[in-house]
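Nothing in this text is a laboratory measurement; each read-out follows from the coordinates by a stated rule. Predicted model only: the values in this text are computed from it and were never measured. Note: ideal-geometry Cβ built from the backbone for every residue, glycine included; neighbour counts use all protein chains shown.
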Amino acid sequence: MNEMGVQPAAVPVPQEPGLSQWQRVANTFVAPQKTFEDIQRGNRSWWLPLIISALFTYILFGGIMQRIGIQQVLDNAIRMNPRAAERLAQATPEQRELNNRINVDVIEGDFIGNPVLGIAVIAILSAGLLGTINFVFGGKATYGSIFAVLYYASLPQLVKALMGTIVIYFIAPESFDINNFAPTNLGAFLDPVDTNRALYALATSMDAVTIWTLVLLSMGAAMVAGVKRTSGYIAVFGWWAIFVLIRVGWAAAMG
């Protein structure tokens, strides 16, 4: 027994070294729990997923420019939307030319500015998910941890971009759909013109890569918030279900 009641100093428990960003990226596909545990420990850098996502997006864009062409992309989008085609047919030649120029610029700008737009979207989604997982399910996540989880959970979208890039070289340019460019959902096997628009919107929402992303996001959000895995699934898939219902409802109203 120590004299004078002096307690021995506690031996510090060695902390497990953090993962590199490359390790977090790789583990997202093969061992996602390790990635999210590392984010939970405070390693929240997300610039590597941003760079990789931007690279794959620009590869897809390059394929579209080389094989399809922006004007063809726009023509296809109009043809696949009968209501838009009808409005365009009623416009004057000057209006059609102006509308065409604006839409071409929008499509090009969307691809070129994709990294910046992606950050904005992730920022908004992070705020919504943070509020849900903390205030509804009693979690203790920080905005930075949710933001990082979202970026890493979105990495499966690289698979979709890669598939889209490959598909471009095996289809007729007239059949390319910028809104559904990879065969990862049921809508890819339906005719966007002849299929009921609400049904088509629902079919395209049943996307394998999106479901994969949502599963990862549910897991990561639950871990960094310190809540049950089921709470993460309810929070993430609940928001997704709301977005799908809005999309299907809008398609039904516009159809």
Original post:
When you take every Cα atom in region 101-140, what is the radius of gyration, and what is Dmax, the widest Cα pair distance, in Å?
Top reply: 15.7, 49
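Given contacts defined as C-alpha pairs under 8 Å and at least six residues apart, what's the relative contact order of the chain, whole-number percent?
24 percent
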Original post:
Using alpha carbon centroids, what distance separates region 135-169 and region 19-57, in Å?
Top reply: 10 Å
Subject >> Lys/Arg +1, Asp/Glu -1 at C-beta; the chain dipole; positive extreme among T213, I119, Y200 >> reply: T213
**OP:** Return the calculated 222 nm mean residue ellipticity for the chain, to the nearest 500 deg cm²/dmol, obtained by summing -39500 (n - 2.57) across DSSP H runs with n ≥ 4 and dividing by the residue count.
**Re:** -21500 deg cm²/dmol
Original post:
What angle, in degrees between 0 and 90 and rounded to the nearest 10, separates the Cα long axis of helix 70-79 from the longest principal axis of the Cα atoms of the chain?
Top reply: 80 degrees
**OP:** Based on alpha-carbon positions alone, could you give the equivalent ellipsoid semi-axes of region 53-190 from the gyration tensor, as √(5λ), descending, whole Å?
**Re:** 34, 19, 15
**OP:** Run the quick spin-label model on N196 and R229: label points 7 Å from Cα toward the beta carbon, then report their separation in nm to one decimal.
**Re:** 3.6 nm
**OP:** Would you mind ranking K34, K140 by Cβ crowding within 10 Å, fewest neighbours first?
**Re:** K140, K34
**OP:** Return one number: the angle in degrees, 0 to 90 and rounded to the nearest 10, between the long axis of the Cα atoms of helix 143-153 and the longest principal axis of the Cα atoms of the chain.
**Re:** 60 degrees
Original post:
How far apart, in nm, are two points set 7 Å out from the Cα along the Cα-to-Cβ line at R87 and at W47?
Top reply: 4.1 nm
**OP:** Using only the Cα atoms of region 149-255, build the gyration tensor, take square roots of its eigenvalues as a ≥ b ≥ c, and label the shape rounded, prolate or oblate: rounded if a/c is under 1.5, else prolate if a/b is larger than b/c, else oblate.
**Re:** oblate
Subject >> Most fluctuating residue given options V73, V106, V167, as computed from a GNM of the chain linking Cα atoms under 10 Å >> reply: V106
Original post:
When the dipole is taken about the Cα centre of the chain, and only Lys, Arg (+1) and Asp, Glu (-1) are charged at their Cβ, what size is it in debye, to the nearest 20?
Top reply: 460 debye
Original post:
Build a GNM of the chain with springs between Cα atoms under 10 Å: which of S20, S53, S145 gets the top mean-square fluctuation?
Top reply: S20
**OP:** Go ahead and run the numbers for FRET between I102 and Q72, Cβ-Cβ distance against an R0 of 22 Å, rounding to 0.05.
**Re:** 0.85
Original post:
Over all distinct Cα pairs, what is the inverse of the mean 1/r for the chain, reported as the Kirkwood hydrodynamic radius in Å?
Top reply: 20.7 Å
**OP:** Taking the chain as the reference, fit the longest principal axis to its C-alpha atoms, fit the long axis of helix 114-131 to the helix C-alpha atoms, and give the angle between the two in degrees, 0 to 90, nearest 10.
**Re:** 50 degrees
**OP:** Sort R67, R96 so the one with the fewest other Cβ atoms within 10 Å of its own Cβ comes first.
**Re:** R96, R67
Original post:
For D207, D194, D38, what's the fewest-to-most ordering of other Cβ within 10 Å of each Cβ?
Top reply: D194, D207, D38
